[in-house]
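**Student:** Below you'll find the structure I mean.
The values are calculated or read from the model by the stated rules, or taken from the named source; none is laboratory data. Quick caveat, the model's predicted, so the values are computed rather than measured. Here the Cβ positions follow ideal geometry from the backbone for every residue, glycine too, while neighbour counts run over all protein chains shown.
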């Protein structure tokens with residue numbers, strides 16, 4: 001399914017790598033990723049595991065573009081990756097969500113967004129990423 005969906009938008013999937021969570025090391029997977037030399041690595045894993053993978057991929061000699069999930073917003077991700085880990089890579093980012101007020105779904109979610117104190121508060125950017133209502137386009 002991943003290859004089919006990616007192909008529909010012009011993305012070539014070089015390989016899908018599935019591994020158990022909470023491993024102390026992902027060195028074999030990191031070396032495989034480094035050998036593949038992809039344009040971008042899309043990761044769906046916990047923050048600490050992702051940081052370990054990125055650091056071990058850097059140790060394998062690769063500097064890549066990484067896209068993770070919203071779980072990368074947790075402090076443990078940056079604590080495990082560190083500023084030095086980020087500096088070794090071309091980019092490290094994660095998918096985020098925000099409202100879309102041009103869809104019919106907005107009519108349903110707008111009262112929650114506008115009438116709940118602190119909800120949708122733009123002074124804390126991580127809050128937008130973690131509490132925004134799901135919107136469909």
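**Student:** Scan the stretch 19-31 and tell me whether some residue there is in contact with a strand residue (DSSP E or B) (Cβ under 7 Å, 6 or more places away or on another chain) and either at pLDDT 95 or above or assigned to a helix (DSSP H, G or I) (or both).
**Tutor:** no
**Student:** Another question about this same structure. Kindly provide the set of residues from the stretch 36-53 that are assigned to a helix (DSSP H, G or I) and either surrounded by fewer than 16 Cβ atoms within 10 Å (Cβ to Cβ) or in contact with a strand residue (DSSP E or B) (Cβ under 6 Å, 6 or more places away or on another chain) (or both), ordered by number.
**Tutor:** Selection gives 36, 50.
**Student:** Further question on the same structure: Which residues, taken from the stretch 66-89, are part of a loop (DSSP other than H, G, I, E, B) and in contact with a helix residue (DSSP H, G or I) (Cβ under 6 Å, 6 or more places away or on another chain)?
**Tutor:** Listed by number, the residues that qualify are 74, 88.
**Student:** If only one of 98, 63 is in a loop (DSSP other than H, G, I, E, B), out of contact with any strand residue (DSSP E or B) (no Cβ under 9 Å at 6 or more places or on another chain) and at pLDDT 95 or above, which one is it?
**Tutor:** 63
**Student:** Right, something else. Might you check whether a residue that is within 25 Å of residue 3 (Cβ to Cβ) and either surrounded by fewer than 19 Cβ atoms within 10 Å (Cβ to Cβ) or in contact (Cβ under 8 Å) with a residue 40 or more places away in the chain (or both) occurs anywhere in the stretch 72-86?
**Tutor:** Looking through the stretch 72-86, none of the residues is within 25 Å of residue 3 (Cβ to Cβ) and either surrounded by fewer than 19 Cβ atoms within 10 Å (Cβ to Cβ) or in contact (Cβ under 8 Å) with a residue 40 or more places away in the chain (or both).
**Student:** Could you pull out the residue among 17, 33 that is at negative phi, touching a helix residue (DSSP H, G or I) at 6+ places or on another chain (Cβ under 9 Å) and either in contact (Cβ under 8 Å) with a residue 40 or more places away in the chain or surrounded by 19 or more Cβ atoms within 10 Å (Cβ to Cβ) (or both)?
**Tutor:** 33
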